[in-house]
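The values are calculated or read from the model by the stated rules, or taken from the named source; none is laboratory data. Quick caveat: nothing in here was measured; it's all calculated off a predicted structure. Here the Cβ positions follow ideal geometry from the backbone for every residue, glycine too, while neighbour counts run over all protein chains shown.
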Amino acid sequence: MRHIFTVDVEDWYHGFPTEYSVSRPYVRRLESGMRFLLDSLDEAGVQATFFWLASEASLYPQLLRESLERGHEIGSHGLDHSPIFKMTPAEFSADTDQALSIISGITGNAVRCYRAPYFSINNNTFWALEILASFGITHDSSILPMHHWRTGMPGVRDHIQLISTPSGPIIEVPVTTRSFFGIRIPVSGGGYFRAYPYKFSSANIKLRTTIKRPAVFYIHPWELDPEHPNVNQHAVIDRMHYLGLGKAQNKLKRLLRDHSFGPLINIANESLSGPDRESRVFNEFETLPQYI
Ligand SMILES: [Zn+2]
């Protein structure tokens with residue numbers, strides 16, 4: 001069974017919270033991690049979904065075109081990595097409009113899928129899905145279906161589902177979690193992939209194969225670039241950002257050998273016509289009081 005492989009294309013300094021000031025000027029390192037990723041995916045014969053930050057797309061248009069030419073699906077990761085919960089609906093609409101114009105201006109194709117910075121669609125920003133649908137986004141992967149210190153939406157089920165919005169339907173592809181000793185934990189990639197032993201990450205993907213629901217894996221290019229600058233400004237954030245960086249490249253190669261992956265839209269659509277068909281319409285819009 002194929003699982004969903006996604007990449008949030010941003011530089012190392014976007015991996016810190018926006019309120020956390022990383023020393024400037026930034027050293028740009030995007031190409032380093034992207035080269036490793038593109039070559040590893042080619043080697044494994046995997047087509048993935050690359051959610052490009054539009055500000056990075058402007059800086060690296062050739063790298064964006066290359067990721068498309070090498071067979072990957074191109075989505076948006078927003079304009080400049082601002083979380084949606086710091087924006088009004090009007091600001092988010094302008095952010096999305098600009099991001100999609102930049103990316104489609106470079107690729108020549110309409111953008112159909114989206115992932116919010118910091119998985120920032122939650123109970124307070126659920127209105128964002130309607131705005132995304134109004135811009136022609138058909139697939140969103142911005143919801144972490146659990147409690148989390150920064151974001152998360154524990155009421156959302158952890159599988160692919162069709163959500164009705166006033167602007168039309170949108171397919172939600174939440175990032176993968178797992179219930180472990182009664183607590184829901186993220187098992188979907190990023191810092192968790194770096195922190196957990198490889199066998200645990202691999203077992204979590206095998207579990208999704210058993211229940212016939214694709215896992216949604218994500219990684220950032222900077223997580224595969226152990227040489228990126230080490231800034232020491234905030235102990236906890238530093239530990240999370242740099243945790244397990246040295247082993248991430250080998251773990252990723254192993255993951256690509258041990259499991260089968262593909263791009264988001266295709267696998268989500270397959271899942272909706274199969275195991276997730278029976279529960280496809282999720283009318284959260286009708287029940288959320290925060291939605292205006
Ligand atoms: Zn991001």
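A single member of Thr49, Thr88 is among the polar types (S, T, N, Q) and closer than 16 Å to Glu10 by Cα, and it is Thr49. Answer yes or no: is there a residue in the range 234-243 that is surrounded by 15 or more Cβ atoms within 10 Å (Cβ to Cβ), farther than 29 Å from Ser67 by Cβ and among the acidic types (Asp, Glu). Yes, because at least one residue in the range 234-243 is surrounded by 15 or more Cβ atoms within 10 Å (Cβ to Cβ), farther than 29 Å from Ser67 by Cβ and among the acidic types (Asp, Glu).
Residues in the range 161-205 that are surrounded by 14 or more Cβ atoms within 10 Å (Cβ to Cβ) and charged (D, E, K, R): Glu172, Arg178, Arg184, Arg194. Screening the range 179-266 for helices (runs of 4 or more DSSP H) wholly inside it with 3 or more residues that are hydrophobic (A, V, I, L, M, F, W, C) returns the ranges 198-210, 235-242, 245-258.
Using the structure shown, decide if Glu43 is in contact (Cβ under 8 Å) with a residue 60 or more places away in the chain and more than 24 Å from Ala268 (Cβ to Cβ). Taking the combined requirement at face value, the residue satisfies it. Residue-level check: of (1) within 16 Å of the ligand (Cβ to nearest atom); (2) out of contact with any strand residue (DSSP E or B) (no Cβ under 7 Å at 6 or more places or on another chain), Thr88 misses just (1).
In the range 198-213 there is at least one residue matching the filter, namely being modelled with pLDDT of 90 or more and within 23 Å of Phe126 (Cβ to Cβ). Just to be sure, is Ala128 surrounded by 19 or more Cβ atoms within 10 Å (Cβ to Cβ) and out of contact with any strand residue (DSSP E or B) (no Cβ under 7 Å at 6 or more places or on another chain)? Criteria met by Ala128.
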